[in-house]
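The block underneath contains the structure these notes are about, expressed in structure tokens.
The values are calculated or read from the model by the stated rules, or taken from the named source; none is laboratory data. These figures come from a predicted structure and were not determined experimentally. Cβ: placed from backbone, ideal geometry, glycine included. Neighbour counts: every protein chain shown.
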Amino acid sequence: MGGTPRSGRPRAGRPTRAAAAAALLPLLLGACINERREQAIGDQIAGQVNAQVPLVYDVPLNRYVNELGRLIARHSDRPDARYYFYIVDTGSLNAFALPGGHIYVNRGLIERTSNVSELAGVLAHEIGHVAARHGAENLQRHLRTRSMAGVMYQMVLGRKPLIASEALELGGMMWSAHHSRADEEEADQLAVRYLLSTGVDPRGMLSLFSTLWEEEQHIPASQAVSWFSTHPTTTARMDATRAQIRTLLPRTHAELARDNKDYPAFLRRLDALPPPAADILLPVGHPPVGPNGHRR
């Protein structure tokens with residue numbers, strides 16, 4: 001008689017589902033998350049992150065940031081990606097991007113800017129991370145852990161959407177992840193190019209860096225968990241950015257925008273909101289970001 005023996009053992013040459021999954025796992029761990037899956041995963045993660053962190057819901061403020069960000073994104077290497085920009089209502093210094101184009105800028109960082117080119121520089125840098133798919137690469141690295149192997153399986157194959165707890169766990173991972181030095185340098189270089197293509201003066205990147213650097217010098221070492229604490233080579237990055245700007249900046253750059261008449265009103269409206277939260281408790285038990293915390 002044919003069929004499976006009474007012992008329940010599988011017929012020789014026909015591996016079990018578990019064995020097949022185990023054999024497939026190394027291929028999945030080395031697989032790339034394509035742009036379509038990156039967008040879907042990013043959307044799910046953003047939905048959970050947005051439910052956990054304090055966001056500014058003021059319509060004119062969000063419209064301003066989204067219009068500026070999308071203007072720059074149209075000149076990026078991924079102009080067709082769907083970009084969403086959020087203001088996180090906290091005084092800490094942070095900006096970060098999730099895979100697929102969800103970009104967050106903390107209120108405290110915006111409040112340190114003095115003109116629109118400085119905010120544009122922050123947004124362009126984060127757009128650079130999205131365009132270069134640094135978030136997707138970080139996501140793949142996180143998913144190579146044993147605990148996330150099952151999630152990797154379903155996401156790469158697209159079998160089903162993430163459940164809320166999985167999306168939230170990934171959101172916490174991405175929030176606290178540090179980009180590599182090479183990723184940061186590439187995002188800086190891309191930001192300069194995108195700003196010039198948009199018609200924005202990229203020297204706003206340098207002036208904001210300088211402002212934050214000066215502020216850093218007055219913070220006690222024990223509290224220096226800030227924009228620069230995760231970037232020990234910030235001075236080198238600033239020098240490289242300055243050199244790139246000097247090379248690419250046109251001889252006549254009077255037409256490059258450094259500020260506009262609407263930006264002071266934008267900052268005043270932001271300042272008129274109730275005081276922001278001092279800390280953010282990151283998803284899935286990550287430590288809080290303090291008043292000068294910066295993680296990207």
Top-ranked residue in region 141-150 [being surrounded by fewer than 20 Cβ atoms within 10 Å (Cβ to Cβ) and either part of a helix (DSSP H, G or I) or in contact with a Gly (Cβ under 6 Å, 6 or more places away or on another chain) (or both); ranked as modelled with the highest pLDDT]: R141
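With respect to L98, is the statement that it is over 19 Å from G135 (Cβ atoms), buried (at least 21 other Cβ atoms within 10 Å of the Cβ) and within 15 Å of the chain's Cα centre (by Cα) true?
no
Search region 237-251 for residues being surrounded by 15 or more Cβ atoms within 10 Å (Cβ to Cβ) and hydrophobic (A, V, I, L, M, F, W, C), and hand back the single one that is modelled with the highest pLDDT.
For region 237-251, the residue satisfying everything is I245.
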Against the condition modelled with pLDDT under 85, surrounded by fewer than 12 Cβ atoms within 10 Å (Cβ to Cβ) and over 22 Å from T90 (Cα atoms), how does A254 come out, does it pass? yes
Residues of region 194-216 that turn out to be part of a helix (DSSP H, G or I) and under 13 Å from R242 (Cα atoms), as a count: 8
Could you list all residues from region 114-127 that are buried (at least 22 other Cβ atoms within 10 Å of the Cβ) and closer than 17 Å to D201 by Cβ? V116, S117, E118, L119, A120, G121, V122, L123, A124, H125, I127
Looking at this structure, is R193 surrounded by 12 or more Cβ atoms within 10 Å (Cβ to Cβ), in contact with a helix residue (DSSP H, G or I) (Cβ under 9 Å, 6 or more places away or on another chain) and modelled with pLDDT under 95? no
Are there any pairs with C-beta distances below 7 angstrom linking a residue in region 29-55 that is small (G, A, S) to a residue that is at pLDDT below 85, with the two at least 6 apart or on different chains, and if so which? A31/V156; G47/A167
